[in-house]
Amino acid sequence: GESATYAFSIHVLPSEAPLQPVDGITLHSALSDYPSYFSLQTLQPVMKADSGSLYFRDVAPKDSLDELSYSWTSTKVYFSRSESFDYAKATASMVRNTYQSCTRDKTIQDLKEDDVLLFGTATEAMGVLKILVIEDNEGRNNDRYIFSIKALRKQ
């Protein structure tokens, strides 16, 4: 004649949480006296990267001493521009799936504010970034790109 009451709490978790951004990264012009390389190991701008590290850098324009190139390059990292990728809601699987289905190159040109770039190795996605501001000021020391990045964690 005894009775018992049971209560269950059901928590529905999203299938995959959005990636967390690192905001406000500044990458300077290759012609400036400031960091123009970006290390993907530390997620920090650096003055120069060693040849074994994963990095990308600003391209020094050949025909100008004062202007930005609006181009990035790397020896090991590939880029792809995506106009339809939702940076704000980016998840690891979204980055991986989009990266696998797009055309990639080691140099990306004609960078613009609000560009969303996926990046990775020849076979594996590493993350996505969004260019927030491009400043091409008079002279070369204050020319810079400001961006936000969402990197994938190694599994």
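Over the residues of the chain, the helix contribution to mean residue ellipticity at 222 nm works out to -1500 deg cm²/dmol, using -39500 (n - 2.57) for each DSSP H run of at least 4. Ratio of Rg to Rh for the range 12-57: 1.19 [Cα atoms; Kirkwood radius as inverse mean 1/r over pairs].
Pairs over the 20 Å Cα-Cα cut-off, from the set Lys112/Lys150; Lys48/Lys112; Lys130/Lys150; Lys76/Lys112; Lys62/Lys130; Lys62/Lys106: Lys48/Lys112; Lys76/Lys112; Lys62/Lys130. The residues of the chain expose, per residue, 62 Å² of accessible area to a 1.4 Å probe. For Lys76 and Glu16, the difference between the fully extended length at 0.36 nm per residue and the C-alpha to C-alpha distance is 18.8 nm. Surface composition of the chain: carbon and sulfur atoms hold 48% of the protein heavy-atom accessible area at a 1.4 Å probe. State log₁₀ I(q)/I(0) for the chain at q = 0.13 Å⁻¹ as given by the Debye formula over alpha-carbon point scatterers of equal weight, solvent excluded. Here the Debye-derived log intensity ratios amount to -0.59. For the pair Leu43 and Asp110, what calculated FRET efficiency results from E = 1/(1 + (r/R0)^6), where r is the Cβ-Cβ distance and R0 = 30 Å, to the nearest 0.05? With a Förster radius of 30 Å, E is 0.75. Which one, Thr107, Val59, Leu27, projects farthest toward the positive side of the charge dipole computed for the chain from Cβ point charges (K/R +1, D/E -1)? Comparing the listed Cα positions along the dipole, Thr107 ranks first. Between Val22, Val128, Val95, the GNM of the chain built on Cα springs shorter than 10 angstrom shows Val22 fluctuating the most.
The values are calculated or read from the model by the stated rules, or taken from the named source; none is laboratory data. This structure is a prediction, so every number in the text was calculated from the model and none was measured. Every residue, glycine as well, gets a Cβ built from its backbone with ideal geometry; the counts of neighbours run over all protein chains shown. SASA here: full protein model, heavy atoms, side chains in, ligands and nucleic acids out. Shrake-Rupley method; radii C 1.70, N 1.55, O 1.52, S 1.80 Å.
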